[in-house]
Amino acid sequence: MQSHGMARDIQERIKRLIIDRRLPSGAPLPTEPELMELLGVSRNSVREALKALQAMGIVEIRHGFGTYVGPMSMAPMIEGLTFRTVAGHYRGEDSLLQLLELREAVETGLIARLAGRVPETDLAELDAIVARMRTEAAAGGVRAETDRAFHATLHRGLDNLLLSEVLEAFWDAFHRVRTDLVPALADPETTVRQHEEIVAAVREGDGPRAERAVRHHFDNIRHRLRSSGDR
């Protein structure tokens, strides 16, 4: 049986192979016999390494077809954040508030950079999303998909794919945990007004106003989170 250190070494060597060959997501990896020869290890060692890398989203094993470079998504990070937050909550920790504060720290730090820099096409899309929020609020509540679309469209203006993906991951983990642990957080009308204010500040290019709008939005969620915890 191979040691933990040896198993990690094989995984690192396969990752290095992907980097050195500049392989993009979806590109085929060498076959198992080729990897055995390249790395000088057994078939079982190769399979164990590939399974571990698949769990991280680095490779994708398609049975009957071969192994490919994975999507390199934030999915493992989302799963880890979600599990850690839920486990912490049931141990009596304020883990959901901590996750909210992580989102807040990143989003308030970035919003001033977006002010005045969001393209007109994205601003029009944000207006349409807020209008959809208003319709949903009148019907009883803003849907999570609509809220997610707002944040994804807003952060697209950063022109930084990694930042956008990290923010999406934080949003997704927070929403999944929040849905499981606490009742509906926001008054729908308040949600709409706060998103309207964020768009207005960004459109005007007013960084301090945009930052205040985002902080106010998070303050409201935090207040409702704490209220739900008191019940």
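The values are calculated or read from the model by the stated rules, or taken from the named source; none is laboratory data. Since the structure is predicted, the reported quantities are computational estimates derived from the model, not experimental observations. Note: ideal-geometry Cβ built from the backbone for every residue, glycine included; neighbour counts use all protein chains shown. Accessible surface is based on the protein model in full, side chains and every heavy atom, while ligands, DNA and RNA are left aside. Shrake-Rupley method; radii C 1.70, N 1.55, O 1.52, S 1.80 Å.
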Please name which of Ala112, Thr31, Thr153 has its Cα lying farthest along the dipole of the chain towards the positive end, using unit charges on Cβ (Lys, Arg +1; Asp, Glu -1) and the Cα centre as origin.
Thr31
What's the center-to-center distance, using Cα atoms, between the stretch 54-86 and the stretch 136-192 in Å?
23
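With +1 on each Lys and Arg Cβ and -1 on each Asp and Glu Cβ, how big is the dipole of the stretch 11-116 about its Cα centre, in debye rounded to the nearest 20? Let's see the in-between values first.
Working: 13 positive and 13 negative charges, 62 e Å.
Once rounded to the nearest 20, the dipole reads 300 debye.
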Carbon and sulfur %, accessible surface of the chain computed with the full protein complex present, 1.4 Å:
53
Hey, what number do you get for the chain at 222 nm if only DSSP H runs of n ≥ 4 count, each worth -39500 (n - 2.57), divided across all residues, to the nearest 500?
-24500 deg cm²/dmol
For the stretch 1-138: accessible area per residue (Å², 1.4 Å):
58
For the chain, the charge dipole (Cβ of Lys, Arg +1; Cβ of Asp, Glu -1; about the Cα centre) points to a positive end, and the Cα of Gly205, Tyr68, Val130 closest to that extreme belongs to Tyr68
A student asked for the Cα radius of gyration and Dmax of the stretch 1-131 in angstrom ought to give 21.0, 60
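Show me 64-77, 207-220 ranked by packing, highest mean number of other Cβ atoms within 10 Å first.
Details: 64-77: 14.6, 207-220: 17.8.
Most protected by this proxy first, the peptides run 207-220, 64-77.
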If you average 1/r over all unlike Cα pairs in the stretch 119-186 and invert the result, what Kirkwood radius do you get in angstrom?
13.0
Net charge near Met77 (other residues with Cβ under 12 Å of its Cβ; Lys, Arg +1; Asp, Glu -1) is -3
Would you mind working out the magnitude of the charge dipole of the chain relative to its Cα centre, with +1 at each Lys and Arg C-beta and -1 at each Asp and Glu C-beta, to the nearest 20 Debye?
480
In nm², the average projected area of the convex hull spanned by the Cα atoms of the chain is 16.1
